[in-house]
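A.B. asks: Sharing a structure below in structure tokens format, with a few things to ask.
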Amino acid sequence: MAASVCRVGSTVGRALAKNRNPILLSLRRGQASVSYAQSLVGVPETRLTTLDNGLRVASEETGHATCTVGLWIGAGSRYESEKNNGAGFFLEHMAFKGTKKHPQSALEQQVESMGAHLNAYTSREHTAYYMKTLAKDLPKAVELLSEVVQSCSLSEAEIEQQRGVVLRELEEVEGNLQEVCLDLLHATAFQGTPLGQSVLGPSHNARTLTRQDLVDYINSHYKAPRMVLSAAGGVNHAELVGLAKTHFSGVSFEYEGDAVPVLSPCRFTGSEIRMRDDALPLAHVAIAVEGASAASPDIVPLMVANSIIGSYDLTYGGGKHLSSRLARLAVEEGLCHSFQAFHSSYSDTGLLGIYFVTERMSIEDMMHWSQNAWMNLCTTVTESDVARGKNVLKASLVGQLNGTTPTCDDIGRHILNYGRRIPLAEWDARIDAVTPRMVREVCSKYLYDKCPAVAAVGPVEQLPDYNRMRSAISSRHHCKNEHLMIVQTSARQRRQTSILAEEEKETEGQKTLNTGLLRVKDHNRSPALHNKGGRSAFLSIYQLSTVVTLMLTMRRARVCFCLALLLPWCVQALRSRPALAKLDEDTQRDMLAVDILNRSGVLNSLLRSEQLTVLRHARAPRPASQVPKRAQQGSRFALSLDVPTSILSVLIDLAKNQDMRTKAAANAELMARIGKK
């Protein structure tokens with residue numbers, strides 16, 4: 001379906017280009033009169049041809065007066081060893097220092113006379129040499145590119161001169177903390193594998209690489225089946241194929257000894273690397289999990305998920321009205337200076353993560369909310385979130401192809417990764433097929449309960465321990481009732497939330513106790529539970545266990561301390577009631593339960609005044625004369641040595657207060673007797 005739409009769109013596009021249709025003209029001028037659907041229909045077709053030696057030629061004809069043509073090669077730092085790491089980047093610098101036919105000065109003069117721009121870049125899996133020029137100069141541009149790639153001079157003098165240039169560039173990159181942080185992230189995530197190597201290579205290799213190392217690298221990787229001649233703009237595909245046959249038909253497609261290099265799988269290792277430097281003003285932190293490969297069907301849902309998280313910078317407007325939840329928090333709480341969600345995809349693996357820059361005292365909070373945003377994708381992502389992410393992703397895909405150079409780069413990378421150019425109409429259909437359930441399932445597959453890789457540079461003392469960061473994306477409380485979970489970014493907010501949670505639990509406890517009191521009233525009507533003194537309404541052991549379990553879930557220290565004092569009071573109650581021996585065992589347990597709850601004062605702090613009368617009937621107070629002397633002297637405590645000193649001091653204070661109350665009651669009764677006499 002998407003392919004047929006693309007073919008129809010390409011036909012319409014060519015017709016519009018020939019007739020100079022206003023729709024196409026307004027699209028070229030970037031006017032808003034063309035809808036998104038019209039822009040998809042008007043995208044020209046990408047044509048692909050393969051030469052006899054395996055080199056592929058791809059082009060997109062748009063009718064512009066300019067064009068971009070380049071050679072994309074499936075080679076990068078991942079194809080290097082520890083010994084020659086950085087060879088591809090070194091060759092990138094050597095490419096513009098002259099060829100066997102054109103010395104450096106002549107090459108520069110040729111490029112400048114055309115008004116062209118010659119450039120190159122190297123990544124972990126790709127190398128590209130491209131030129132932007134006028135459409136009429138396409139033949140000369142292809143000729144110069146073929147010489148740069150196939151006939152680079154590689155003189156010893158130029159190599160020695162470029163060593164200093166490469167070393168200076170290495171020093172400059174060390175000052176770009178974002179690149180340093182992401183390189184460290186790759187180094188720890190793919191440690192022990194070629195994908196963990198940096199593109200620039202270590203400075204030691206830049207000093208020791210020889211001409212033979214560079215020649216061996218070219219002979220091993222610059223092969224026709226791994227090359228794509230890509231062009232976009234005012235180009236004719238048939239003309240481009242003819243130029244490719246003229247200048248690139250001699251590129252070898254054979255390997256020495258038929259030893260075709262095969263990439264070894266790069267394993268992901270959950271780990272961390274910290275480069276602490278308190279002299280730096282800001283901390284640069286990146287956290288990532290293993291992502292999907294470039295050809296994985298999960299790539300689109302993950303792209304939508306990253307669009308939901310979004311990005312943020314201090315220069316952004318909008319403030320708390322930003323669509324991204326994490327961006328709003330960053331503004332309201334001052335969490336960071338900037339952040340961005342990223343997904344670096346490679347041929348067989350990827351990195352899905354978040355990179356942020358923040359103050360040294362905000363690292364822990366920003367890390368927490370970043371991982372919380374991940375867990376939200378796994379659990380509570382909504383239809384509106386997904387719709388917003390889709391729109392952001394579509395706008396990004398269309399916007400990044402604004403020009404012949406981005407389009408040419410997109411064609412070259414797509415041919416290397418997928419073997420074809422995926423049209424915008426197909427991307428649009430795949431994005432529309434994403435649902436909230438799909439996002440939750442795919443994000444749970446890649447994010448939930450996975451070991452992350454973490455890299456941090458700068459004043460990173462506050463960065464949480466790795467085990468804590470690991471548990472933050474595996475704890476099940478993140479996946480249940482997220483809307484009730486309130487995690488604060490300051491100690492004051494944490495205390496407020498703790499109080500709110502306790503009040504909610506006490507409310508639930510109040511309901512449970514109300515139910516228990518209704519049962520007490522029912523027991524009061526049963527004559528089987530009345531003793532000789534007329535005392536009644538005892539809670540059952542089941543009700544007691546329910547209350548105690550509920551109280552143990554509360555976090556107020558006074559409840560826990562009261563429960564710690566129950567055992568001595570139980571002994572006191574048994575000794576003060578010889579009539580218990582005449583009752584059956586169940587009734588004794590019920591009476592003991594009520595005695596414990598009344599003496600501890602727990603129920604008095606939880607029940608309303610109208611409910612207290614029921615328990616007063618359950619256990620009437622006794623005069624001090626009937627209280628045993630040991631009880632008047634106070635209870636004795638046997639505390640374990642492993643009790644924390646803070647709890648021990650509180651227990652001692654409680655015991656002293658209980659003794660003082662008992663003595664005060666006895667003294668009051670004594671004074672009352674003296675007054676009567």
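The values are calculated or read from the model by the stated rules, or taken from the named source; none is laboratory data. Worth saying up front: this structure is predicted, and the values here are computed from it rather than measured. Here the Cβ positions follow ideal geometry from the backbone for every residue, glycine too, while neighbour counts run over all protein chains shown. When the accessible area is computed, the model is the full protein with side chains, heavy atoms only, and any ligands, DNA or RNA have been set aside. Shrake-Rupley method; radii C 1.70, N 1.55, O 1.52, S 1.80 Å.
A.B. asks: Quick one: order Phe342, Phe253, Phe356 from most to least accessible surface, probe 1.4 Å.
C.D. replies: Phe253, Phe342, Phe356
A.B. asks: I would also like to ask the following. Separation between the Ser151 and Ile422 pseudo-spin-labels, each 7 Å from Cα along Cα→Cβ, expressed in nm?
C.D. replies: For the pair Ser151/Ile422, the computed spacing is 3.9 nm.
A.B. asks: Given a Förster radius of 35 Å and the C-beta distance between Arg207 and Asn119 as r, what FRET efficiency does 1/(1 + (r/R0)^6) yield to the nearest 0.05?
C.D. replies: 0.85
A.B. asks: In addition: With every protein chain kept in place and ligands, DNA and RNA left out, what is the accessible area per residue of the range 86-134? Probe 1.4 Å, answer in Å².
C.D. replies: That works out to 41 Å² for each residue.
A.B. asks: Which of rounded, prolate or oblate describes the range 297-446 when judged by the alpha-carbon gyration tensor and an a/c cut-off of 1.5?
C.D. replies: Prolate is the answer for the range 297-446, as a/c is 1.5 or above and a/b outweighs b/c.
A.B. asks: Please find the FRET efficiency linking Thr49 to Ser296, where r is the Cβ-Cβ separation and R0 is fixed at 35 Å, and quote it to the nearest 0.05.
C.D. replies: Here the calculated transfer efficiency is 0.80.
A.B. asks: Turning to a different aspect of this structure: Add +1 for every Lys or Arg and -1 for every Asp or Glu among the other residues with Cβ under 9 Å from the Cβ of Pro281, and state the total.
C.D. replies: Counting the neighbours of Pro281, the net charge comes to 0.
A.B. asks: Using the Cα centre of the range 195-335 as origin and beta-carbon charges of +1 (Lys, Arg) and -1 (Asp, Glu), tell me which of Ser230, Val215, Phe248 is placed farthest towards the positive end of the dipole.
C.D. replies: Projecting each Cα onto the dipole axis, the largest value belongs to Ser230.
A.B. asks: What does the charge add up to near Ser307, with Lys and Arg as +1, Asp and Glu as -1, over the other residues with Cβ less than 13 Å from its Cβ?
C.D. replies: +3
A.B. asks: Related question: Compare the peptides 425-437, 175-187, 67-79 by average per-residue count of other Cβ atoms within 10 angstrom and give them in order, highest first.
C.D. replies: 67-79, 175-187, 425-437
A.B. asks: Apply the a/c threshold of 1.5 to the C-alpha gyration tensor of the range 151-233 and tell me whether it is rounded, prolate or oblate.
C.D. replies: It is oblate, given that a/c is not under 1.5 and a/b is not larger than b/c.
A.B. asks: So between Leu397 and Ala279, what do we pick up on full extension, going 0.36 nm a residue minus the alpha carbon distance?
C.D. replies: The Leu397-Ala279 span can extend by a further 38.5 nm.
A.B. asks: To continue, here is another question. What does the charge count near Arg328 come to, summing +1 for each Lys or Arg and -1 for each Asp or Glu among other residues with Cβ under 15 Å from its Cβ?
C.D. replies: Result for the local shell: -2.
A.B. asks: Report the full-extension gain for the segment Leu263 to Glu364: residue separation times 0.36 nm, less the Cα-Cα distance, to one decimal in nm.
C.D. replies: Stretched fully, the Leu263-Glu364 segment lengthens by 32.6 nm.
A.B. asks: Follow-up question, since we're still on this one. In nm, to one decimal, how far is the modelled label at Cys451 from the one at Asp653, with both set 7 Å along Cα→Cβ?
C.D. replies: Once both label points are built, they end up 4.6 nm from each other.
A.B. asks: Here's another thing I want to ask about it. What number, in percent, do you get for the relative contact order of the range 137-230 if the mean sequence gap of Cα pairs under 8 Å and at least 6 apart is divided by its residue count?
C.D. replies: For the range 137-230, the relative contact order is 25 percent.
A.B. asks: Going down the list Lys132/Lys445; Lys97/Lys223; Lys100/Lys136; Lys394/Lys450; Lys83/Lys394; Lys140/Lys223, which pairs span over 32 Å between their C-alpha atoms?
C.D. replies: Table pairs above 32 Å Cα-Cα are Lys132/Lys445; Lys83/Lys394.
A.B. asks: How would you classify the range 260-312 from its alpha-carbon gyration tensor, with a ≥ b ≥ c the square roots of the eigenvalues: rounded for a/c under 1.5, else prolate if a/b is greater than b/c, otherwise oblate?
C.D. replies: The shape class here is oblate.
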